[in-house]
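Trainee: One structure follows; several queries about it will come next.
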Amino acid sequence: MSAEKGRFYINCPYQEKEEAKALGAKWDAIAKKWYYTHSKDKHKFKKWINIASTDDEEKNNSFKVYKIFKECYKCKKNTSVYTYIKYDDGTEEDVAFPWDKKRLLKSQNIVAHMCDSSIEYYGLKVIGDDEKYDKTMMKRYPNKIKIEYSKVLKRYYPMNLCDFCGAKQGWNYIYRQVNIMIMNMEKIQIDE
Ligand SMILES: [Zn+2]
């Protein structure tokens, strides 16, 4: 029997950190990962050792989450909505204030803008546009964001629920509002 000491990293999701901690896991603030220190304890942390696509998830846990307030189409009250805002130009960078409209226009959806000039159709991605960030959002806000299957998109995609009536806030409303706020150089609150 060999027992090694070291840092054995696990892929523990944020919501399960207390559970891992209780089992003796420690936090590596630089790697931003939990780990255990004795190889003999491996069995205790089994459920977090072979999670698929964890590298992506770990990387994606650091993006900014924005909190928007919008009128619920159903009850007309102002509900909060959580989303990421990413450049849709292959860089995977967060779109951040002060908004770089010039850069956003480089990857503008010109055809869509010509059909509806009331919206700029900046080259950006919000919740529902990118599966890997969507997954992280759903994990982070399990009571606020609900998964729905879209027959059109042929995949599950997350929708924010209204704080008051629970109605699902669709992608197009969120995308539109983010575009308008950026166009007006309005600041958007970051959810910490
Ligand atoms: Zn509502």
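The values are calculated or read from the model by the stated rules, or taken from the named source; none is laboratory data. Keep in mind that what you see is a predicted model, and the values were worked out from it rather than measured. Neighbour counts are summed over all protein chains in view; Cβ atoms, including those assigned to glycine, are modelled from backbone coordinates with ideal geometry.
Trainee: Only one of these conditions is not met by K146: (1) charged (D, E, K, R); (2) in contact with a strand residue (DSSP E or B) (Cβ under 7 Å, 6 or more places away or on another chain); (3) at pLDDT 90 or above. Which number is it?
Mentor: (3)
Trainee: For I68, only one of the following conditions fails: (1) surrounded by fewer than 19 Cβ atoms within 10 Å (Cβ to Cβ); (2) within 16 Å of the ligand (Cβ to nearest atom). What is its number?
Mentor: The single condition I68 does not satisfy is (1).
Trainee: So which residues in the range 172-186 are surrounded by fewer than 19 Cβ atoms within 10 Å (Cβ to Cβ) and within 12 Å of S118 (Cβ to Cβ), if there are any at all?
Mentor: R176, I180, M183
Trainee: Hey, any hits in the range 132-147 for a residue that's within 17 Å of K86 (Cα to Cα), surrounded by 18 or more Cβ atoms within 10 Å (Cβ to Cβ) and of a type in the set (V, I, T)?
Mentor: Looking for residues that are within 17 Å of K86 (Cα to Cα), surrounded by 18 or more Cβ atoms within 10 Å (Cβ to Cβ) and of a type in the set (V, I, T), one finds at least one in the range 132-147, hence yes.
Trainee: Pull up the range 146-186, narrow it to residues that are hydroxyl-bearing (S, T, Y) and under 22 Å from K76 (Cβ atoms), then point me to the one that is nearest to the chain's Cα centre (by Cα).
Mentor: Y175
Trainee: Within the range 79-192, considering only helices (runs of 4 or more DSSP H) that don't extend past its boundaries, which have at least 2 residues that are away from the ligand (no atom under 16 Å from the Cβ) and touching an Asp or Glu at 6+ places or on another chain (Cβ under 9 Å)?
Mentor: 101-106, 131-140, 171-183
Trainee: Separate question: Taking the criterion of being assigned by TED's automatic domain parsing to the domain that holds C72 and closer than 14 Å to T83 by Cβ, would at least one residue in the range 104-116 satisfy it?
Mentor: No; the residues of the range 104-116 include none that is assigned by TED's automatic domain parsing to the domain that holds C72 and closer than 14 Å to T83 by Cβ.
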